[in-house]
Amino acid sequence: MAIKYREAEELRLTTRKNLASSKENWQQFLTTASNTYKYSFSEQTLIFAQFPKAKAVASFNVWSEKFGRRIRYNEKGIGLIDDTKPYPKMKYVFDISQSNRFRDVPQPYIWDLKDEYKQEVAISLSGDNKSIDEALSDLAENTVDEMINSFSKELLNSKKDSAMLAGLDDDTIISEFRQLVADSVKYMTLKRCGLDTSLYMDDNAFENLNDFSELGITDILGGAVSDISEQVLREI
């Protein structure tokens, strides 16, 4: 049986509390989010909690009517909370792996970065003869710089309610936050493109994550990473 609203709300709360509790948890979330980058942070959180191996998710009607795919019997929908209206309600999506094709119509475009296109993409993104890793890193850094200000302001406004951030000065908070967001966006980008993420496996990676592990603060971090990475991945 598909998850109901109360269960989904409790699951979303529990998951949000645990996301930044360790580097491993955060990286696992980023891996799922890299495949669901068109969804909001709140939705990504619930997808991660219920179907962490999701590759492409859509509603029952989209799979059936647009892509000619039938959801297999006994497959359970991934419950998401639609709280864009005055009264929240549930909506359900399914991963492509939960479906079978039954009509000969064009299928969803689930892109991957093939070896033969890496240099072409790198040149297109950078306008220079950089490696794909350098081009993606530069794109992530530039997009973070363009979009992070509103999230930084929100973070500083929340400082007074944070036990973790209360002892840090504003410059330190913003510096740590920007670095964490940039590293997270880069990690998501590399994951989605099937590139090497070993640089983010050592002890120094995401080293200030604990400072942003409180519930409301993690939401700001997650929202920033989700919105910025979507922009980066759409560009790619």
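The values are calculated or read from the model by the stated rules, or taken from the named source; none is laboratory data. As the structure is a computational prediction, the values presented were derived from the model and not from experiment. Here Cβ is always computed from backbone atoms with ideal geometry, including for glycine, and neighbour counts include all displayed protein chains. Only protein heavy atoms, including side chains, enter the accessible area calculation; ligands, DNA and RNA are left aside. Shrake-Rupley method; radii C 1.70, N 1.55, O 1.52, S 1.80 Å.
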Inset, instruction - Considering only region 71-101, state which residues are among the charged types (D, E, K, R) and without any contact (Cβ under 8 Å) to a residue 12 or more places away in the chain. - result: Asp82, Lys85
Legend entry - Residues of region 98-128 that turn out to be open to solvent by 40 Å² or more (accessible area, probe 1.4 Å) and either under 30 Å from Gly77 (Cβ atoms) or not hydroxyl-bearing (Ser, Thr, Tyr) (or both), as a count: 20
Inset, instruction - Could you check Thr197 against (1) within 17 Å of the chain's Cα centre (by Cα); (2) closer than 20 Å to Ser42 by Cβ; (3) among the hydroxyl-bearing types (Ser, Thr, Tyr) and say which number it fails? - result: (2)
Inset, instruction - Test each condition in (1) free of Cβ contacts under 8 Å to residues at least 60 places away in the same chain; (2) open to solvent by 30 Å² or more (accessible area, probe 1.4 Å); (3) more than 24 Å from Arg234 (Cα to Cα) for Gly68 and report the one that comes out false. - result: (2)
Legend entry - Number of positions in region 41-55 that are out of contact with any strand residue (DSSP E or B) (no Cβ under 6 Å at 6 or more places or on another chain), open to solvent by 30 Å² or more (accessible area, probe 1.4 Å) and not charged (D, E, K, R): 4
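Residues that are of a type in the set (A, V, I, L, M) and closer than 17 Å to Leu195 by Cα: does region 100-118 have at least one? Before you say what the answer is, go through the steps one by one.
First, pick out the residues of region 100-118 that are of a type in the set (A, V, I, L, M): 105, 110, 113.
Applying the additional criterion that residues be closer than 17 Å to Leu195 by Cα yields 110, 113.
Yes, there is a match, as at least one residue in region 100-118 is of a type in the set (A, V, I, L, M) and closer than 17 Å to Leu195 by Cα.
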Legend entry - Sole exception among (1) at pLDDT below 95; (2) out of contact with any Phe, Trp or Tyr (no Cβ under 8 Å at 6 or more places or on another chain) for Lys89, by number: (2)
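Hey, could you check region 12-40 for residues that are among the aliphatic types (A, V, I, L, M) and open to solvent by less than 50 Å² (accessible area, probe 1.4 Å) and say which is nearest to Leu80 (Cα to Cα)? If you could, list the steps in order and put the result at the bottom.
Here is the first cut: in region 12-40, the ones among the aliphatic types (A, V, I, L, M) are 13, 19-20, 30, 33.
Subsequent filtering for residues that are open to solvent by less than 50 Å² (accessible area, probe 1.4 Å) retains 19-20, 30, 33.
On the way: Leu19: 17, Ala20: 21, Leu30: 18, Ala33: 14 Å.
My answer is Ala33.
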Legend entry - Residue that is farthest from Leu19 (Cα to Cα), among those in region 39-65 that are free of Cβ contacts under 8 Å to residues at least 12 places away in the same chain and of a type outside the set (Gly, Ala, Ser): Glu65
Legend entry - Where a residue in region 142-170 is modelled with pLDDT of 95 or more and its partner, wherever it lies, is surrounded by 16 or more Cβ atoms within 10 Å (Cβ to Cβ) and of a type in the set (Phe, Trp, Tyr), with Cβ under 7 Å and at least six apart: Ser152/Phe177; Leu155/Phe177
